[in-house]
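Enquirer: The structure that follows is given in the form of structure tokens.
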Amino acid sequence: MTMHGIQMAPPKVNVITSSNGGLSTDQIVSLALDKIMYVSDNAPPEIREQAIAFRSNMTKVLLEYVNLARREERATISAVLENNGHSDVAKMIRSI
């Protein structure tokens with residue numbers, strides 16, 4: 001594929017697996033970034049460097065917000081459990 005005179009390869013397909021639980025925050029962020037942007041190996045060096053720097057900044061932002069989403073989801077689950085008389089389970093969820 002060619003765009004603005006730059007030869008581009010199609011994005012790679014990623015498969016990530018986990019054991020003993022779901023995907024880690026880093027794995028989720030990596031999957032999201034692969035969908036959001038692709039840094040071509042054939043891009044001019046200046047553009048490639050900017051894209052890599054942007055990806056690094058996006059990684060930090062996404063890590064922060066995925067972690068926040070996970071904390072908020074646990075807080076919501078804990079509150080529902082607590083309100084339904086399961087304070088022992090709510091306490092375990094909060095401790096994760």
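Enquirer: Report whether or not Ala69 is small (Gly, Ala, Ser) and either surrounded by fewer than 15 Cβ atoms within 10 Å (Cβ to Cβ) or touching a Ser or Thr at 6+ places or on another chain (Cβ under 7 Å) (or both).
Expert: yes
Enquirer: If we keep just the residues of the range 23-54 that are small (Gly, Ala, Ser) and loosely packed, with under 14 Cβ neighbours inside 10 Å, which is farthest from Ile96 (Cα to Cα)?
Expert: Ala53
Enquirer: Would you tally the residues in the range 40-71 being of a type in the set (Val, Ile, Thr) and over 14 Å from Ser30 (Cα atoms)?
Expert: Residues meeting the conditions: 1.
Enquirer: Taking only the range 6-40 into account, find how many residues are part of a loop (DSSP other than H, G, I, E, B), touching a residue at least 12 places away in the same chain (Cβ under 8 Å) and out of contact with any helix residue (DSSP H, G or I) (no Cβ under 9 Å at 6 or more places or on another chain).
Expert: Residues flagged as part of a loop (DSSP other than H, G, I, E, B), touching a residue at least 12 places away in the same chain (Cβ under 8 Å) and out of contact with any helix residue (DSSP H, G or I) (no Cβ under 9 Å at 6 or more places or on another chain) within the range 6-40 amount to 2.
Enquirer: Separate question: Would you mention how many residues in the range 72-91 are within 17 Å of Gly21 (Cα to Cα) and surrounded by fewer than 12 Cβ atoms within 10 Å (Cβ to Cβ)?
Expert: 1
Enquirer: Sticking with this one: Considering only residues that are part of a loop (DSSP other than H, G, I, E, B) and either in contact with a Phe, Trp or Tyr (Cβ under 6 Å, 6 or more places away or on another chain) or over 16 Å from His4 (Cβ atoms) (or both), which ones fall in the range 41-57?
Expert: Asp41
Enquirer: Another one. Return the only residue of Asn57, Asn20 being within 30 Å of Ala90 (Cβ to Cβ) and surrounded by fewer than 11 Cβ atoms within 10 Å (Cβ to Cβ).
Expert: After applying the criteria, what remains is Asn20.
Enquirer: Does the range 61-96 hold any residues that are on the phi < 0 side of the Ramachandran plot, in a loop (DSSP other than H, G, I, E, B) and without any contact (Cβ under 8 Å) to a residue 12 or more places away in the chain, and which are they?
Expert: Hits for the range 61-96 are Asn84, His86, Ser95.
Here, each number is a calculation from the coordinates, and none is a lab measurement. Only a predicted model underlies this, so the values are computations on that prediction, with no experimental measurement involved. Counting neighbours? That spans all protein chains shown, and the Cβs are built from the backbone with ideal geometry, glycine included.
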